[in-house]
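Scroll down for the structure; my scribbles are underneath it.
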Amino acid sequence: MTTREIRVFGVVQGVGFRPFVHRLAETHGVAGYVANKGSYVKIVVAGAEERLAAFRRELVENAPKRASILHLEERETDPFPGIGFSIVESEADSGSRFVSPDIAICEACREELFDEDDRRYLHPFINCTDCGPRLTILDEMPYDRQRTSMKSFPMCDACAAEYNDKASRRYDAQPIACHDCGPQVYLLDGSLRGAEAIRAVRRAICGGKIVAVKGIGGFHLCCDATNEAAVQLLRERKHRPMKPFAVMVRDIETAEREAKIPDTMCAALDGPEKPIVILWRKKGGSIAPAVAPGSRRVGLMLPYTPLHLLLFDYPDGLVMPDALVMTSGNPPGAPICRTDVEARETLAPLADLILSHDRRIRVRADDSVMEVYDGAPYMMRRSRGYAPLPIFLSSLENMRDGVLAVGSELKNTFCLGQNGMFYPSAHIGDMGDLGSVECLRETASRMASLLAIPPRVVAYDPHPAYHTAKFAAELGLSTIPVQHHHAHIVSCMAENGRTAPVIGVAFDGTGYGTDGNVWGGELLLADYKGFTRLGSIEPFLQAGGERAAREGWRIAAGLLPGETVLETALRLGLGNEEELGAQCFLLENKINTVTSTSAGRLFDAVSAALGLCRTSTFEGEAAMALQFAAEESDAAREGFDLPSIHMAEDGRILLPTTALFAEIVKQRLSGENVSALAAVFHVSLAKMIGAGCRAARDRTGVSSVALSGGVFQNTLLLRLVEQNLRKNGFEVLRHRMIPANDGGLSLGQAVCAAARMTENK
Ligand code: ZN
Ligand code: ZN
Ligand code: FE
């Protein structure tokens with residue numbers, strides 16, 4: 001007879017791990033107990049050696065689907081005096097914590113949902129140990145019903161029996177609920193509840209109306225995606241003329257009817273995270289053009305809550321559309337609405353009906369969004385289903401102090417880190433919105449307590465005008481500034497588990513440079529602790545302040561050669577004489593101008609010069625239009641013949657982007673095809689980046705390149721750059737599950753700060 005204590009670390013909470021251990025112990029006839037310790041699950045087992053060995057083997061091999069075991073610690077311990085096996089009450093302990101993300105409804109629950117004989121037939125909150133809300137209903141760790149939003153719903157006898165029955169799929173399932181004891185849906189105007197409310201919402205959708213629906217991590221605005229007029233109405237009400245909407249399709253068959261789904265992506269689309277996947281549309285689909293104007297792509301996701309399934313299927317005789325627009329219920333840049341009060345304030349003017357429910361959302365989680373690159377996920381927004389799973393960096397295992405990185409100004413996320421574990425948060429929003437700053441404050445403090453990481457140090461972006469910098473200062477902790485593009489590159493290194501120095505290609509919209517200028521087309525030599533600026537695209541003058549970020553025509557005017565600006569700008573159709581005259585005046589007299597090396601702005605300028613997008617209605621619109629135009633051109637292209645890279649006075653490498661722009665303008669004016677020019681622009685820029693990296697390698701001896709920054713959301717450019725670099729013998733590191741855009745910045749900031757702290761010890 002031996003007694004062993006096994007500690008299991010990883011995502012083992014809220015995934016049916018304890019009941020699994022219980023069943024396993026009974027199968028093998030070992031005694032003992034299992035307890036949830038917050039940071040790990042503790043198992044004490046007593047029995048004959050060979051029984052313990054079998055138990056131990058199956059513990060790893062047959063662990064529940066959603067569990068992910070990071071490591072096990074095992075030791076012999078004092079003899080266990082009891083008989084039988086039990087689950088003992090949770091008690092918190094210190095150490096790294098793992099909070100499960102939310103999990104989409106599982107197949108077994110889906111079947112019960114539509115089984116007339118099941119007692120949860122059509123119950124909008126059906127779930128089990130394999131599925132249901134987790135992070136978004138969590139108050140405190142360890143994960144137990146009493147510490148979630150389910151506290152207000154005492155279990156009925158039938159649910160309690162399942163909860164306590166080892167043979168049940170709902171043994172120890174914390175959010176367990178049924179018609180008798182669970183939460184209820186209702187219309188926010190108070191008129192209808194339960195089944196009546198669901199029917200009313202379905203009727204409204206069929207009638208071309210706009211509804212708001214409370215989901216897992218917040219409210220969605222929803223309408224019939226196959227009804228052009230309904231989608232247009234939503235665009236008008238949301239003041240969102242162009243930005244694509246995500247579409248929830250009834251099932252994978254509908255998804256296949258609408259879009260080409262690479263075999264390798266079915267698992268991601270239909271997996272337990274249920275992200276939005278951006279796919280190529282098929283001809284002859286039913287989704288209205290207004291869903292994604294001017295784009296041949298569409299973002300699809302599958303239903304992930306029982307309530308979503310009921311919107312598509314309900315025994316009320318209605319024939320529902322099999323595709324619904326599902327867009328976050330929030331003003332642009334603001335956090336997604338999660339309470340009835342917020343919904344009443346901001347969504348009531350947009351939606352004809354609001355379907356809410358009384359299970360509270362504690363932590364917001366927007367839908368995650370990914371593109372497909374090389375047949376695999378390429379993350380754009382890492383949020384519901386993924387947050388707050390950690391990234392582990394063994395090189396920083398000894399960082400004892402907690403770090404909070406407050407992230408970027410746009411697409412904000414924050415990141416908590418300790419002991420080499422880094423937990424990037426769900427999407428927060430744009431910090432220009434006061435609600436987002438409040439959401440950052442509230443969510444960061446909630447996550448710090450859930451993960452038991454009291455921050456000692458705050459990492460932030462030193463841009464003097466950023467709300468995040470102000471927020472960081474207000475926390476009263478010691479602060480570490482991390483340059484924007486350095487953070488991007490370190491985020492990419494961390495995702496790839498790389499610590500040795502790399503050449504970083506950081507191409508994005510705007511970041512505050514150490515010289516006070518706007519950076520954004522940078523070549524850096526970087527490691528976790530610091531960086532040197534090796535090169536950049538050629539600097540240009542950016543005039544017009546804030547507006548320059550949305551109005552590509554202003555940047556284009558600034559990139560045109562001095563003498564003939566006005567004339568050329570008029571011929572390109574960049575604006576009327578008055579606007580252009582005013583812009584030229586600002587540029588000539590350097591009024592309200594900044595020196596910029598922003599690659600994002602270069603894309604905006606080219607997009608405007610080619611007549612694709614003069615002014616953006618959302619961030620990234622001009623660059624997307626340019627990428628789409630380039631993708632329309634099928635022929636393989638050579639880049640322009642351009643001057644080679646050269647050196648600035650301070651010795652940094654300069655990519656000849658001014659000449660590239662001039663060549664585009666020249667060819668456009670001589671009548672060359674716009675798509676072809678868009679394609680050649682991409683190829684030429686990729687070649688320049690390749691040449692820049694070769695010069696950087698000659699200088700430093702480093703032959704690994706990390707690609708990061710929002711411009712690398714452009715998968716066409718990414719492919720061209722990656723091909724060029726590999727051909728030239730570079731190792732290429734790029735993002736996969738952490739966004740290349742500012743949503744991934746907080747991870748880089750946290751890792752930089754952690755590396756500097758460990759250095760100072
Ligand atoms: Zn389930
Ligand atoms: Zn019940
Ligand atoms: Fe950035």
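The values are calculated or read from the model by the stated rules, or taken from the named source; none is laboratory data. Bear in mind the structure is a predicted one, so any value in this text is a computation, not a measurement. Cβ atoms come from the backbone with ideal geometry, glycine included; neighbour counts cover every protein chain shown. Just so you know, the surface numbers come from the protein's heavy atoms only, side chains and all, with ligands and any DNA or RNA stripped out. Shrake-Rupley method; radii C 1.70, N 1.55, O 1.52, S 1.80 Å.
At-a-glance table
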read-out: Sequence-separation-based contact order of the chain, relative, with Cα cut under 8 Å and 6+ spacing, percent; value: 11
read-out: Table column - 3J(HN,Hα) (Hz), the stretch 141-158, Karplus curve with 6.51, -1.76, 1.60, x for Gly and Pro; value: 9, x, 6, 8, 3, 5, 10, 10, 4, 6, 3, 7, 10, x, 5, 6, 4, 5
read-out: Per residue accessible area in Å² of the stretch 237-374, where ligands, DNA and RNA are left out and the probe is 1.4 Å; value: 37
read-out: The stretch 185-370: relative contact order as a whole-number percent, Cα under 8 Å and 6+ apart; value: 37
read-out: In degrees, nearest ten, helix 599-609 long axis to first principal axis of the chain (Cα); value: 60
read-out: Loop-resident sites, the stretch 648-693, for GluC sites (Glu not before Pro), counting at most 15 other Cβ within 10 Å (DSSP); value: Glu649, Glu672
read-out: Table column - 3J(HN,Hα) (Hz), the stretch 578-584, Karplus curve with 6.51, -1.76, 1.60, x for Gly and Pro; value: 5, 4, 5, x, 5, 5, 5
read-out: 5 angstrom amide H check on Tyr373, placed H, neighbours 5+ away; value: Tyr378
read-out: Extension reserve of the Asn673-Arg203 stretch, reckoned as 0.36 nm per residue once the Cα distance is removed; value: 164.4 nm
read-out: Built amide H within the under 5 Å cut-off of Asn127, gap 5+; value: Ala177
read-out: Positive-pole candidate from Leu416, Pro272, Ile361, dipole of the chain, charges at beta carbon; value: Leu416
read-out: The chain: angle of helix 49-61 to the longest principal axis, Cα-based, in degrees nearest 10; value: 40
read-out: Accessible solvent surface per residue of the stretch 2-87, calculated while the other protein chains remain in place, 1.4 angstrom probe, Å²; value: 43
read-out: Extension gain from Lys590 to Thr617, taking 0.36 nm per residue of separation minus the Cα-Cα distance; value: 7.1 nm
read-out: Computed accessible area, Leu524, all protein chains, 1.4 angstrom probe, square angstrom; value: 0
read-out: Segments 196-202, 572-578 sorted - mean Cβ within 10 Å per residue, highest first; value: 196-202, 572-578
read-out: Accessible carbon and sulfur surface of the chain relative to its total accessible area, %, 1.4 Å; value: 50
read-out: Dipole in debye (nearest 20) - the stretch 214-373, about Cα centre, beta carbon charges: Lys, Arg +1; Asp, Glu -1; value: 520
read-out: Gyration tensor (alpha-carbon) shape descriptor, the stretch 185-370, a/c threshold 1.5; value: rounded
read-out: Debye, to nearest 20: dipole size of the chain, +1 on Lys, Arg Cβ, -1 on Asp, Glu Cβ; value: 480
read-out: Antiparallel bridges, percent of DSSP beta bridges restricted to the chain (to nearest 5); value: 70
read-out: Model label zone, Asp374; criterion: amide N under 16 Å from point 7 Å along Cα-to-beta-carbon; scope the stretch 482-509; value: 492-498
read-out: Cα gyration tensor category, rounded, prolate or oblate, for the stretch 1-54 with a/c compared to 1.5; value: prolate
read-out: Two-site FRET efficiency, Ser286 against Ser191, from Cβ-Cβ distance with R₀ of 30 Å, rounded to 0.05; value: 0.40
read-out: Residues with amide H under 5 Å from that of Ala706, placed H, sequence gap 5 or more; value: Ile503, Gly504, Val505, Leu733
read-out: Loop sites in the stretch 1-79: trypsin sites (Lys or Arg not before Pro), DSSP, at most 15 other Cβ within 10 Å; value: Lys65
read-out: Net lengthening on full extension, Cys156/Glu140 (0.36 nm per residue, minus Cα-Cα); value: 3.4 nm
read-out: Using θ = phi - 60° and Karplus 6.51 cos²θ - 1.76 cosθ + 1.60, couplings along the stretch 350-355 (whole Hz; Gly, Pro as x); value: 9, 10, 6, 9, 10, 9
read-out: Shape call, the stretch 561-605: gyration tensor on alpha carbons, a/c limit 1.5; value: oblate
read-out: Val369 accessible area, 1.4 Å probe, all protein chains in place, Å² to nearest 10; value: 20
read-out: Nearest-10 value in Å² for the accessible area of Phe114, using the 1.4 Å probe; value: 70
read-out: The chain: angle of helix 228-238 to the longest principal axis, Cα-based, in degrees nearest 10; value: 80
